[in-house]
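Trainee: Next up is a structure, given as structure tokens.
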Amino acid sequence: MATITALKNPSTVAPLDTYNAGQFYCELLGSPDNRNRHLTALWHRLQQLELLHLRERAADAERELFNLGITFTVYSDRTAIDRILPFDVIPRVITAEDWKTLEKGVKQRIKALNLFLWDIYHDRKILKDGLVPEDLVLGNANYRPEMIGYDPPCGTYIHIGGTDVIRDPRGEFFVLEDNGRTPSGVSYVVENRHLMQRAFPDLMHGFAIESVSEYGTQLGDKLIECAPAGVSEPQIALLSPGVFNSAYFEHVFLAREIGIPLVEGRDLFVDDDKVFMKTVSGPKPVHVIYRRINDEFLDPEAFRPDSALGVKGLMRAVRKGNVTLANAVGTGVADDKAVYAYLPRIIKYYLDEHPVLPNVQTNICREKDGLGYTLDNLDKLVVKPVGESGGYGICVGPKATKAEIDLCRNQLKADPSNYISQPMIELSVCPTLTDQGVEPRHVDLRPFAVTGQETWVLPGGLTRVALKRGSIIVNSSQGGGTKDTWVLKEDNA
């Protein structure tokens, strides 16, 4: 039973009457010996609501999401392809002090990763010095020889980054993975806040919360900073695979927020190594492309000749310095789950600093010792394929059946280079409205950073919640949902 109480009408059921976080770190309660008075204030406010009334308002919010068309696509479910991303109305709160640590750590990682990417496509000093295995980088499926020697404006490869952060039972932050290709989910950060402001203004009243409304402006400014040299008024466009892509809602949202055209490959063409957009008034030059298409589909001339999604000759325009791609081609090396294990060394090598946000201990199965340890401890570890995303292909040993562990063992032996393993960390929890009442559910956090000449981090980020009881898989494709994330301002102190 929770140890914080609040005055309420004894004849009604309050949302948190039976809430019990157990042995987990709770994002609302904190740890038993370290309560935060601002979080306690939110607890008391939630307790003034009736559980039935909270359910009614949550249902209204869900209807609004449907009416606004805020959906995502699950390709693996033929019965319900387009879904509303489940939204939980009880927010996740981050104190100003914790946010300073998160912001500093995210900026540090983005800076180190951009330096790493420049190096591996130029001098390869870190590989020659033996800090990162050469074959891990040069043999990586996401390493693009087309980028060798290319100098991106501002030295920026990762213009938009998403860093997945978790909290352990002691309340310490750890990075679970870096997303440097086409990280998604920022649209839900902004829409979740707008929804809370409309549906629960009384819950937010009196809390000084950092705004998330600057994201579009900040992203647009950073993209302009990275435009080709000599362009006085850069034209930006967002390149989408089209309406059938799982994140199409986000593509529309971001184009609107930045104030730029949303285009598909068929809307662009390359002439004299320059990119143009077809318009009703004739061709219009494009100087920066925020692309939401994977590398291999971007240019049928340079990559897959059967791709109908990209623009023929696009890489020629990039290499000539006539257009900037955000994120740059070849950034996938930096968010490879095996390369992730070397991030502490990468940070030390380029910045001469220790990581502000440490990694989760990682065993690299391509290495003999890592494979042996993993095979001997499958029932205690989380095994992940290095190239997958969305929670697919993961084996959670402590929760897996014998058949699942046997399958994982066979896959590891067949292709050890494709896997890493990590200890199962008991993720922090947050009170979440379920069919059984308000219960603890595991959460993670994806802060979003945008980088031009410098890096800006959106206050808060996307809190993903594993809605299934006991699950630690927060991905929406695996049944997860989201919460609004409040970063408290200093003046709450």
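Trainee: Being under 25 Å from ALA41 (Cα atoms) and assigned to a helix (DSSP H, G or I) is true for just one of LYS111, LYS100. Which residue is that?
Mentor: Going through LYS111, LYS100 in turn, just one is under 25 Å from ALA41 (Cα atoms) and assigned to a helix (DSSP H, G or I): LYS100.
Trainee: What are the pairs, 6+ residues apart or on separate chains, where a residue within the stretch 43-70 that is small (Gly, Ala, Ser) has its Cβ under 9 Å from a residue that is assigned to a helix (DSSP H, G or I)?
Mentor: Filtered contacts from the stretch 43-70: ALA58/ALA199; ALA61/LEU195; ALA61/MET196; ALA61/ARG198; ALA61/ALA199; GLY69/PHE249; GLY69/VAL252.
Trainee: Please go through the stretch 415-431 and pick out each residue that is open to solvent by less than 20 Å² (accessible area, probe 1.4 Å) and either closer than 22 Å to VAL382 by Cβ or touching a Pro at 6+ places or on another chain (Cβ under 6 Å) (or both).
Mentor: ILE420, SER421, GLN422, LEU427, SER428, VAL429, CYS430
Trainee: Still on this structure: Of everything in the stretch 225-240, what is under 15 Å from LEU268 (Cβ atoms) and among the hydrophobic types (A, V, I, L, M, F, W, C)? Give them in sequence order.
Mentor: Once the filter is applied, which keeps residues that are under 15 Å from LEU268 (Cβ atoms) and among the hydrophobic types (A, V, I, L, M, F, W, C), the stretch 225-240 yields ILE236, ALA237, LEU238, LEU239.
Trainee: Pick out the one residue from LEU127, LEU136 that is without any contact (Cβ under 8 Å) to a residue 24 or more places away in the chain and touching a helix residue (DSSP H, G or I) at 6+ places or on another chain (Cβ under 7 Å).
Mentor: The unique qualifying residue is LEU127.
Trainee: Which members of the stretch 441-453 meet the condition of being in a strand (DSSP E or B) and not polar (S, T, N, Q)? Steps first, please.
Mentor: Filtering the stretch 441-453 for residues in a strand (DSSP E or B) gives 441-446, 448-451.
ARG441, HIS442, VAL443, ASP444, LEU445, ARG446, PHE448, ALA449, VAL450, listed by residue number.
Trainee: Of the conditions (1) of a type in the set (A, V, I, L, M, F, W, C); (2) open to solvent by less than 30 Å² (accessible area, probe 1.4 Å); (3) out of contact with any Ser or Thr (no Cβ under 7 Å at 6 or more places or on another chain), ILE473 satisfies every one except a single condition; which number is it?
Mentor: The one condition ILE473 does not meet is (2).
Trainee: Counting only residues that are surrounded by 19 or more Cβ atoms within 10 Å (Cβ to Cβ) and hydrophobic (A, V, I, L, M, F, W, C), which one in the stretch 233-246 is farthest from PHE297 (Cα to Cα)?
Mentor: Filtering the stretch 233-246 for residues that are surrounded by 19 or more Cβ atoms within 10 Å (Cβ to Cβ) and hydrophobic (A, V, I, L, M, F, W, C), the one farthest from PHE297 (Cα to Cα) comes out as ILE236.
Trainee: From LEU136, LEU195, which residue is assigned to a helix (DSSP H, G or I), under 30 Å from GLU27 (Cα atoms) and open to solvent by less than 20 Å² (accessible area, probe 1.4 Å)?
Mentor: Working: LEU136 fails: under 30 Å from GLU27 (Cα atoms).
Just one listed residue meets the conditions, LEU195.
Trainee: Additional query: In the stretch 285-337, which residue that is surrounded by 24 or more Cβ atoms within 10 Å (Cβ to Cβ) and of a type in the set (Ser, Thr, Tyr) is farthest from LYS384 (Cα to Cα)?
Mentor: THR324
Trainee: I want to confirm something. Restricting to the stretch 95-127 and keeping residues that are of a type in the set (Val, Ile, Thr), modelled with pLDDT of 95 or more and crowded, with 17+ Cβ neighbours inside 10 Å, which single residue is farthest from ASN140 (Cα to Cα)?
Mentor: Applying the filter and picking the extreme gives VAL106.
Trainee: Across the stretch 258-299, what is the total count of residues that are farther than 19 Å from THR331 by Cα and either among the β-branched types (Val, Ile, Thr) or assigned to a loop (DSSP other than H, G, I, E, B) (or both)?
Mentor: 18
Trainee: Still on this structure, I have one more. Looking at the stretch 11-36 only, could you name the residues that are outside any loop (DSSP other than H, G, I, E, B) and modelled with pLDDT of 85 or more?
Mentor: CYS26
Trainee: One residue is enough: does the stretch 252-269 have a residue meeting the conditions without any contact (Cβ under 8 Å) to a residue 40 or more places away in the chain, within 20 Å of the chain's Cα centre (by Cα) and within 18 Å of GLY220 (Cα to Cα)?
Mentor: Within the stretch 252-269, one or more residues are without any contact (Cβ under 8 Å) to a residue 40 or more places away in the chain, within 20 Å of the chain's Cα centre (by Cα) and within 18 Å of GLY220 (Cα to Cα).
Trainee: Which one of these does PRO145 not meet: (1) without any contact (Cβ under 8 Å) to a residue 12 or more places away in the chain; (2) touching a Pro at 6+ places or on another chain (Cβ under 8 Å)?
Mentor: With (1) without any contact (Cβ under 8 Å) to a residue 12 or more places away in the chain; (2) touching a Pro at 6+ places or on another chain (Cβ under 8 Å) applied to PRO145, the lone miss is (2).
Trainee: Further question: Taking into account only those residues within the stretch 402-440 that are over 25 Å from the mean Cα position of the chain (by Cα) and part of a strand (DSSP E or B), which is farthest from LEU42 (Cα to Cα)?
Mentor: GLY437
Trainee: Any chance you could count how many residues in the stretch 258-272 are of a type in the set (D, E, K, R) and surrounded by fewer than 16 Cβ atoms within 10 Å (Cβ to Cβ)?
Mentor: Applying the first criterion (of a type in the set (D, E, K, R)) to the stretch 258-272 yields 264, 266-267, 271-272.
Those left that are additionally surrounded by fewer than 16 Cβ atoms within 10 Å (Cβ to Cβ): 266, 271-272.
So the answer is 3.
Trainee: Identify the residue in the stretch 338-362 that is open to solvent by less than 20 Å² (accessible area, probe 1.4 Å) and either in a helix (DSSP H, G or I) or in contact with a helix residue (DSSP H, G or I) (Cβ under 6 Å, 6 or more places away or on another chain) (or both) and, among all such residues, is farthest from THR101 (Cα to Cα).
Mentor: Looking at residues that are open to solvent by less than 20 Å² (accessible area, probe 1.4 Å) and either in a helix (DSSP H, G or I) or in contact with a helix residue (DSSP H, G or I) (Cβ under 6 Å, 6 or more places away or on another chain) (or both), I get ALA338.
Trainee: Just for the stretch 153-185: of the residues that are more than 15 Å from ASP444 (Cβ to Cβ) and among the β-branched types (Val, Ile, Thr), which one is surrounded by the most Cβ atoms within 10 Å (Cβ to Cβ)? Give the derivation first.
Mentor: Applying the first criterion (more than 15 Å from ASP444 (Cβ to Cβ)) to the stretch 153-185 yields 153-161, 170, 180-182.
Right, trim to among the β-branched types (Val, Ile, Thr) and you get 156, 158, 160, 182.
Working: THR156: 25, ILE158: 29, ILE160: 25, THR182: 19.
It comes out as ILE158.
For (1) modelled with pLDDT under 90; (2) of a type in the set (Lys, Arg); (3) touching a Cys at 6+ places or on another chain (Cβ under 9 Å), each residue gets a yes or a no:
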residue	(1), (2), (3)
GLU388	yes, no, no
THR401	no, no, no
PRO440	no, no, yes
THR451	no, no, yes
GLY461	no, no, no
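Trainee: Scan the stretch 306-324 and tell me whether some residue there is assigned to a helix (DSSP H, G or I) and of a type in the set (S, T, N, Q).
Mentor: So far as the stretch 306-324 goes, no, none of its residues is assigned to a helix (DSSP H, G or I) and of a type in the set (S, T, N, Q).
Trainee: It is to be established whether one or more residues within the stretch 225-243 are within 30 Å of ASP98 (Cα to Cα), modelled with pLDDT of 90 or more and either of a type outside the set (D, E, K, R) or outside any loop (DSSP other than H, G, I, E, B) (or both).
Mentor: yes
The values are calculated or read from the model by the stated rules, or taken from the named source; none is laboratory data. As the structure is a prediction and not an experimental result, all values here were calculated from the model. Glycine gets a Cβ as well: all are built from the backbone with ideal geometry, and neighbour counts include every protein chain shown. Side chains included, ligands, DNA and RNA excluded: accessible areas come from the protein's heavy atoms. Shrake-Rupley method; radii C 1.70, N 1.55, O 1.52, S 1.80 Å.
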